[in-house]
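**Q** Please read through the structure below; I'll follow up with questions.
No value in this document is a laboratory result; all are computed from the given coordinates. Everything quoted here is computed from the prediction, not taken from an experiment. Neighbour counts are summed over all protein chains in view; Cβ atoms, including those assigned to glycine, are modelled from backbone coordinates with ideal geometry.
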Amino acid sequence: MGATGQLGRRIVDSLIEQGVAPANIIASARTVSKAAGMKDQGIQVRHADYEDVDTMREAFSGSDVVILIPSTAPVEPRILQHQKSLQAAKEAQVGRLLFVSLTTAGFLDSKFEITPYLIYAEMKLRQSRIPWTILRNTMYLDAVGDWMPELVEMKRLPYPVKEGRVAFAGRDDLARAIAAASIKEETVNQIYELTGPESLSMPALAAALSDVTGESIRFDSITDEDYAEICRQGHEDVPEPLIRILTSIYWAVENGEFGATTNQIEALTGTSPLPAKEYLKLYWDTIRANT
Ligand SMILES: NC(=O)c1ccc[n+]([C@@H]2O[C@H](COP(=O)([O-])OP(=O)(O)OC[C@H]3O[C@@H](n4cnc5c(N)ncnc54)[C@H](OP(=O)(O)O)[C@@H]3O)[C@@H](O)[C@H]2O)c1
């Protein structure tokens, strides 16, 4: 599910890189037209919407493993979507469900306002009697990478964080690990915490950004209200409830929910994830090549 999204596409690519034949992959897409390129690669493309059990039952039929990448809906509708996907998986008799979660799901005192959904989803999955695998992702480095041109202009990295650290990982490395976990039988009924190799303070992240871009970027610890204003300016159509959710990610950072590192990406794939500086360098080179 979610095969047309940024994480989903990379998981599909990683499955192929790891030896899965395109004909053995089903890309389930809410918007099938976005998967035209996958069809051309020989991948099966099926329509599936988290809101509609019938579409998911059809899409899941004949699957050994179904990877659930959640949508970005708010908590309550997302819980309903999860219930529907479990029902569809049961009716389609899928062999295993692999759920893409977040490290905050390990914190009953989580400050991230989507965590109630994640805890619900993980627990319901574990009680579903369908074999399962849970992969808790850390924060994507890609959000920092996408922001780099503006950070260079602002000469600062403004986050509502004081002491918090993040074991960032790139989407590419997370996708490789998720693909590997879906292929390996020993990952059944296991929880994995997928993180980058180092836990970075925000000043250390700013220093890495400065090194990569050759420009001075200093960390600026800002208030929640200033961060909300940056969100409003960056994307005029960001609804206010989403701004609060985005801000709560940094409350979770401050609460230590993204700070721990593990070696589980390497354990699953045999290759360690890139440190932030190297991943951001690739990002910066691509940005420069396209401008
Ligand atoms: N760890 C982090 O730092 C971090 C950061 C951002 C997001 N996330 C999480 O990562 C996941 C995916 O991220 P992403 O970057 O791949 O997001 P994305 O590029 O926005 O992709 C979202 C995908 O979900 C699909 N989708 C949305 N609503 C759906 C529905 N009702 N039924 C079926 N599919 C639906 C979208 O399909 P359409 O093409 O039809 O829209 C799209 O394929 C989400 O769970 C998100 O919460 C994590």
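**Q** When both residues are 6+ apart or on different chains and their Cβ atoms are under 6 Å apart, which pairs have a first residue that lies in the range 153-167 and is on the phi < 0 side of the Ramachandran plot and in a loop (DSSP other than H, G, I, E, B), and a second that is small (G, A, S) and surrounded by fewer than 22 Cβ atoms within 10 Å (Cβ to Cβ)?
**A** Listed pairs, sorted by first residue: K162/S221; A167/S199.
**Q** If you check every pair at least six apart or on different chains, which have Cβ atoms under 6 Å apart with a residue in the range 21-36 that is within 9 Å of the ligand (Cβ to nearest atom) first and a residue that is assigned to a loop (DSSP other than H, G, I, E, B) second?
**A** Taking only residues 6 or more apart or on different chains, the pairs are S28/M1; S28/A3; S28/A48; A29/A3; A29/T4; R30/D49; K34/T4; A35/T4.
**Q** Name the pairs: first residue in the range 127-142 and farther than 19 Å from G256 by Cα and more than 8 Å from the ligand (Cβ to nearest atom), second residue outside any strand (DSSP E or B) and of a type in the set (A, V, I, L, M), Cβ to Cβ under 6 Å, at least 6 apart or on different chains?
**A** Correct list of pairs: S128/L86; I130/A89; P131/V188; W132/L125; T133/A181.
Residues checked against (1) in contact with a strand residue (DSSP E or B) (Cβ under 9 Å, 6 or more places away or on another chain); (2) among the basic types (K, R):
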{"position": "A21", "(1), (2)": "no, no"}
{"position": "I26", "(1), (2)": "yes, no"}
{"position": "A29", "(1), (2)": "yes, no"}
{"position": "A36", "(1), (2)": "yes, no"}
{"position": "R46", "(1), (2)": "yes, yes"}
{"position": "S63", "(1), (2)": "yes, no"}
{"position": "L68", "(1), (2)": "yes, no"}
{"position": "S71", "(1), (2)": "no, no"}
{"position": "P74", "(1), (2)": "no, no"}
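**Q** Output the residues belonging to the range 1-20 that are within 11 Å of the ligand (Cβ to nearest atom), among the charged types (D, E, K, R) and in contact (Cβ under 8 Å) with a residue 40 or more places away in the chain.
**A** Once the filter is applied, which keeps residues that are within 11 Å of the ligand (Cβ to nearest atom), among the charged types (D, E, K, R) and in contact (Cβ under 8 Å) with a residue 40 or more places away in the chain, the range 1-20 yields only R10.
**Q** Can you tell me which condition P275 does not meet? The list is (1) exposed (fewer than 14 other Cβ atoms within 10 Å of the Cβ); (2) of a type outside the set (S, T, N, Q); (3) in contact (Cβ under 8 Å) with a residue 12 or more places away in the chain, and all the others hold.
**A** (1)
**Q** Now, a different point. Only residues that are within 19 Å of T138 (Cβ to Cβ), touching a helix residue (DSSP H, G or I) at 6+ places or on another chain (Cβ under 8 Å) and not acidic (D, E): list them for the range 233-258, please.
**A** Listed by number, the residues that qualify are L246, T247, Y250, A252, F258.
**Q** Residues to consider are S63, S71; find the one that is closer than 24 Å to L194 by Cβ and either in contact with a Pro (Cβ under 7 Å, 6 or more places away or on another chain) or within 8 Å of the ligand (Cβ to nearest atom) (or both).
**A** S71
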